[in-house]
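Heads up, the thing below is written out as structure tokens.
Please treat every number below as a calculation from the coordinates, not as lab data. All figures in this text were calculated on a predicted structure; none of them were measured in a lab. Don't worry about glycine lacking a Cβ; one is built from the backbone with ideal geometry, like all the others, and counts go over all protein chains shown.
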Amino acid sequence: MANSNVWVVDDDRSIRWVLERALEQAGMTAMSFDNGDAMLQRLTREQPDVIISDIRMPGIDGIALLERVHHDLPKVPVIIMTAHSDLESAVSSYQSGAFDYLPKPFDVDDAMAMVRRAVTHAHEQRSETVPEEVGPTEIIGQAPAMQEVFRAIGRLSHSNVTVLINGESGSGKELVARALHRHSPRAATTFIALNMAAIPKDLVEAELFGHEKGAFTGATALKKGLIEASAGGTLFLDEVTEMTPSMQVKLLRVLQEKEVLRVGGTRAIKSDVRVLAASNRDVNEAIKNGSFREDLYFRLNVVNLRIPPLAQRKGDIPLLARHFLLKYASRMKKPVTRIASEVLARLMDYSFPGNVRELENLIERGTAMAQGDTIEVAHLPETFHQAEGFSLGKIEGRLPTLDEQEHTYINRVLEEVKGNQTVAAQILGINRASLWRKLKARRGM
């Protein structure tokens, strides 16, 4: 139980104080929050063993908080604290994944006993996790183009400069932004991501800049915007070219003056925030057609990172596919451990217009459909069932022998992965030593 990390979320300061003292006396590390939104922001950077949350709080309530945590981190137990009048909703929260509920007023000893059970449960759950699974913020890639991206992240690790990330949809722009944040001087602070194309244009200003009470109909309370909430941290603006011209002017002011003005406000608020931006469009073309400001582009484009599409890094497909297999086999609790070599070959032949996101969806589907320990071609969408097999061709008017056909196919795979024998062996379904022996034997003929 020692060194277990327990988070307490309650707008009642006295409750937080009592639980913090009790947890510390029990040898646990306690961290408290007076609202759920602050806890969720912290959750983007680290993970506790157990969360204790009140059911009624300003902002996001305990049930909504529980649902978010259970969706993103299903192995973290959440204990819901309830007053007597909330008991019915607390009991129903079990359907959303609550570990247990703690009625108020509570006995401290009873509360600590419940926490200990939750900690034990958390450790048991964690021991079932596939150890090879990579964390959600890790970028995977051995291709030369991705190694350039990694080197750029390393060079920027001591910097707070603004970065513009370009890449097709699904190529991993947000993962790169998170890596830039995680390897920066701001790593211990907040990272907030916002897709500009995903929210109505008339709500963007209030979302980014916040608003004063009474600024417009429905503004019944002061609301901090994401720029203000990101102070000291990093704000990632995806699809930044979707911003309206008026919003571009306001963002330019934030970058130039380091201050923000809430909707309906009269006083500028200083805000030290690092802005990372991304676009899947040609920004220069957007400037030419007048839809994007050139001066804003120069402010955002201090450093430019280009994320290659998956079609240009096909050698990474087996590595990514293996990663997604481990991820979803663990999440679905299925004994799927292999991807058939024919599946990998067809994935290597595919153009992947949806990039890494499409590959992830395919492996998730394959894992869900698999009945044994292997993802087969039958577990892929229909279009892959109809894919043409490897052409036999002819050699001097005759069909090739099995050895000749194998050699031709091995050469094709090696060419596709630019000579990487480790990746080629994964696709062929053999170990690297076997591949080396086959190549040596062929050269000796």
Explain nothing, just the number: dipole magnitude of the stretch 5-127 about its Cα centre with +1 on each Lys and Arg Cβ and -1 on each Asp and Glu Cβ, in debye rounded to the nearest 20. 320
For helix 13-25, what angle does its Cα long axis make with the longest principal axis of the chain, in degrees from 0 to 90 and rounded to 10? 60
Hey, got the dipole for the stretch 210-290? About the Cα centre, +1 on K and R Cβ, -1 on D and E Cβ, debye to the nearest 20? 380
Charge sum, other residues only, whose C-beta stays under 13 Å from Pro309's C-beta, Lys/Arg counted +1 and Asp/Glu -1: +2
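Kindly identify the stretch 194-289 as rounded, prolate or oblate by the Cα gyration tensor criterion: order the square roots of the eigenvalues as a ≥ b ≥ c, call it rounded if a/c is under 1.5, otherwise compare a/b with b/c, prolate if a/b is larger, else oblate. Each step should come with its number before you reach the end.
Details: a/c = 1.96, a/b = 1.51, b/c = 1.30.
Note, shape of the stretch 194-289 comes out prolate.
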Between Asp11 and Val377, how high is the FRET efficiency from 1/(1 + (r/R0)^6) when r is the Cβ-Cβ distance and R₀ = 56 Å? Nearest 0.05. 0.55
Counted neighbours (other Cβ, 10 Å), sorted fewest up, put Ser351, Ser184 in the order Ser351, Ser184
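In terms of the Cα gyration tensor, with a ≥ b ≥ c the square roots of its eigenvalues, is the stretch 5-127 rounded because a/c is under 1.5, prolate because a/b exceeds b/c, or oblate? Before the final figure, lay out each step's value.
Values: a/c = 1.17, a/b = 1.02, b/c = 1.14.
Verdict is rounded for the stretch 5-127.
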Surpassing 22 Å at the alpha-carbon level, of the pairs Lys418/Lys440; Lys334/Lys418; Lys104/Lys223, are Lys334/Lys418; Lys104/Lys223
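What is the order of Lys333, Lys75, fewest Cβ neighbours within 10 Å to most?
Details: Lys333 7, Lys75 16.
Lowest count first: Lys333, Lys75.
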Given the Cα-Cα distance of Lys224 and Val303 and 0.36 nm per residue of separation, how much length would full extension add, in nm? 25.6 nm
Quick check: the angle from helix 432-443's long axis to the longest principal axis of the chain, C-alpha only, nearest 10 degrees? 20
Can you pull the one-decimal nm distance between simple spin-label points at Asp100 and Ala215, each 7 Å off the Cα toward Cβ? 4.4
Full-extension gain in nm, Gln142 to Thr422, via 0.36 nm per residue minus C-alpha separation: 99.7 nm
Taking the simple approach of a point 7 Å from Cα along Cα-to-Cβ for both Asp282 and Arg117, what is their distance in nm? 6.3
Order of Lys334, Lys440 from fewest to most other C-beta atoms within 10 Å? Lys440, Lys334
How much mean residue ellipticity at 222 nm does the chain get from its helices, if each DSSP H run of length 4 or more adds -39500 (n - 2.57) and you divide by all residues, to the nearest 500 deg cm²/dmol? -13000 deg cm²/dmol
Can you pull the one-decimal nm distance between simple spin-label points at Asp272 and Thr162, each 7 Å off the Cα toward Cβ? 1.8
Of the options Asn420, Asn5, Gln248, report the single residue whose Cα projects farthest towards the positive end of the charge dipole of the chain (beta-carbon charges: Lys, Arg +1; Asp, Glu -1). Asn420
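How large is the dipole of the chain about the Cα centre if only Lys and Arg carry +1 and Asp and Glu carry -1, each at its Cβ, rounded to the nearest 20 debye?
On the way: 55 positive and 58 negative charges, 315 e Å.
Charge dipole, the chain, about its Cα centre: 1520 debye, nearest 20.
Can you classify the chain as rounded, prolate or oblate using the Cα gyration tensor, where a ≥ b ≥ c are the square roots of its eigenvalues, rounded means a/c under 1.5, and otherwise it's prolate if a/b beats b/c and oblate if not? Intermediate values should be presented prior to the final figure.
Details: a/c = 2.50, a/b = 1.42, b/c = 1.77.
Here the chain falls in the oblate category.
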Residue (of Ser279, Leu222, Gly170) at the positive-pole extreme of the stretch 159-308, dipole from beta-carbon charges: Leu222
What residue among Gly62, Val108, Ala22 has its Cα farthest toward the positive end of the dipole of the stretch 5-127, where the charges are +1 on Lys, Arg and -1 on Asp, Glu, each on the Cβ? Ala22
